[in-house]
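The values are calculated or read from the model by the stated rules, or taken from the named source; none is laboratory data. Keep in mind it's a predicted model, so treat the numbers as computed, not measured. Here the Cβ is made from the backbone with ideal geometry for all residues, glycine too, and neighbour counts use every protein chain on show. The area values use the complete protein model at the heavy-atom level, side chains included, leaving out ligands, DNA and RNA. Shrake-Rupley method; radii C 1.70, N 1.55, O 1.52, S 1.80 Å.
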Amino acid sequence: METLLHLYKNLDSKIWDYYDGFDAGNIAQNPFIKNPNSAVDHQQFIKDYFRLAGKKEVLQQFNTYDVLDDERAYHTNSVFLLGLLIRENTILKTKLFNEKRSKIGYPIFPFLWFLSVLFHDFGMKMEEDLANHPDLGTIDGLLHHYDIKHSLLVSMPKGINANLFGQIERYYSYRNAQGKIDHGILGGIYLYDRLVKIRRYKSLHRDTELNWHHSLEKKYALAAAAVACHNIWTKDPDKSNTSDYEGAGLHYLIRPNFGEISLENFPLLFLFGIVDTIDPIKLYMKQGKGGHLPETILDNIEISFGKRWVKFSNRAGSPLDFQHFIIQVKGLEGWIALETIEDKDRLKIIFR
């Protein structure tokens, strides 16, 4: 088994750089290579990637929220690379957008992965700020606040769990009633609109440096739908009170009504949901005074792969309490179509 730190540092950039170098020597630098603990490097990687992809306006137009805080930047880049590793080494490589070159001139998966993962938490700073943004208390208010001209909710993206996608407006209202702005829904709706605006502007002005084909809008919708749905959680009536969901009309999200996210009904969110939830950086940096630095975390978690599984283990002498990781992963059961086999310092995730 190899540590996550070793694999992150040695991941071939061709796996994640969908333009295959953009132009020679001008590529976003893997932030885990030089100094995994540098928040500035992690933030810069995200900004560079959007800039090189011709989409820097997505971040610039998000007002004062154009930079992730330290912990979220570490987490975002870890999710980005962990998902690439799992796809590259399991059956997911053949299941998730396996075209070597698409009609738009480059591989679809790293393109979708970049759009969905690197932006997925940019709305996080707004999550607790509803009191200062009462206009974001409804979907209509959100559309007005961000001048949304191209609504994700009417985009009819393909390759998604349509039933889950149909819960977005109700779930947003439910979270507002709790005094929260759901960062996934806000981010997904904002992202789709800005991507469409950028594409149409650059296509109209004949920006030929990158590809701005109209078919990209379908891909934008898929990536944005994954962002919008990644924070929508289900409830098990045997383990928790579901009256609040029932009152909000969220009956579909109450098990067993819910159809688990799978490789068949929403493949992009299947992988995204797994790695976003289990990312060890998010888990082990959180533990108050007992939190650990990214380099320490990644150097103590080992990983191995099989055709339909991925296995994690805690290195001998590790300062990490692996039970926290096991509990986090098992929380995916019932939401994502997977099974787990656990041991004291090992955990195997099996894709169904």
Point to revise | Cβ-Cβ under 6 Å pairs, at least 6 apart or on other chains, segment 1-16 side over 13 Å from Ala28 (Cα atoms) and of a type in the set (A, V, I, L, M, F, W, C), far side assigned to a loop (DSSP other than H, G, I, E, B) and open to solvent by 20 Å² or more (accessible area, probe 1.4 Å) | key: Leu5/Asp299
Check your understanding: Taking segment 1-34 as the search range and keeping residues that are open to solvent by 40 Å² or more (accessible area, probe 1.4 Å) and of a type in the set (D, E, K, R), which one is modelled with the lowest pLDDT?
Key -> Asp23
Check your understanding: Which one of the conditions (1) part of a loop (DSSP other than H, G, I, E, B); (2) under 27 Å from Glu71 (Cβ atoms); (3) among the small types (Gly, Ala, Ser) does Gly249 fail to meet, given that it meets all the rest?
Key -> (2)
Practice item. Kindly check whether there is at least one residue in segment 183-197 that is within 21 Å of Pro267 (Cα to Cα), assigned to a helix (DSSP H, G or I) and either among the β-branched types (Val, Ile, Thr) or open to solvent by 30 Å² or more (accessible area, probe 1.4 Å) (or both). Key: yes
Check your understanding: In segment 84-114, what residues are polar (S, T, N, Q) and modelled with pLDDT of 90 or more?
Key -> Asn89, Thr90, Thr94
Review point. So which helices (runs of 4 or more DSSP H) stay within segment 63-173 end to end and still have 2 or more residues that are open to solvent by less than 40 Å² (accessible area, probe 1.4 Å)?
Key: 70-89, 108-117, 139-145, 162-165
Point to revise | Test result for Gly259, open to solvent by 10 Å² or more (accessible area, probe 1.4 Å) and over 24 Å from Leu112 (Cβ atoms) | key: no
Point to revise | Residue selected from segment 292-303 under the condition in a loop (DSSP other than H, G, I, E, B) and in contact with a helix residue (DSSP H, G or I) (Cβ under 8 Å, 6 or more places away or on another chain), by the criterion surrounded by the most Cβ atoms within 10 Å (Cβ to Cβ) | key: His292
Point to revise | Evaluation of Gly247 against (1) at positive phi; (2) open to solvent by 50 Å² or more (accessible area, probe 1.4 Å) (one fails), failing number | key: (1)
Exercise for review: Take segment 304-321 and flag every residue that is of a type in the set (Gly, Ala, Ser) and open to solvent by 60 Å² or more (accessible area, probe 1.4 Å).
Suggested key: Ala316, Gly317
Study note, to complete from the structure: Listed by first then second residue, the pairs whose first member lies in segment 236-257 and is closer than 11 Å to Arg170 by Cβ and touching a residue at least 12 places away in the same chain (Cβ under 8 Å), whose partner is of a type in the set (A, V, I, L, M, F, W, C) and not in a loop (DSSP other than H, G, I, E, B), with beta carbons under 6 Å and at least 6 positions apart or on separate chains, are Tyr245/Leu253; Tyr245/Ile254
Exercise for review: Filter segment 35-69 down to residues that are closer than 16 Å to Pro294 by Cα and at pLDDT 90 or above, then give me how many there are.
Suggested key: 10
Practice item. Would you check if there is a residue in segment 200-213 being open to solvent by less than 50 Å² (accessible area, probe 1.4 Å), modelled with pLDDT of 95 or more and either part of a helix (DSSP H, G or I) or not basic (Lys, Arg) (or both)? Key: no
Study note, to complete from the structure: When every residue in segment 126-141 that is hydrophobic (A, V, I, L, M, F, W, C) and within 16 Å of Gly188 (Cβ to Cβ) is compared, the one nearest to the chain's Cα centre (by Cα) is Met126
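Condition first: in a loop (DSSP other than H, G, I, E, B) and at pLDDT 95 or above. Now tell me which residues in segment 266-291 satisfy that.
If the condition is that a residue be in a loop (DSSP other than H, G, I, E, B) and at pLDDT 95 or above, then Phe266, Asp279 are the ones that fit.
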Check your understanding: Any idea how many residues of segment 322-351 are open to solvent by 10 Å² or more (accessible area, probe 1.4 Å) and without any contact (Cβ under 8 Å) to a residue 24 or more places away in the chain?
Key -> 10
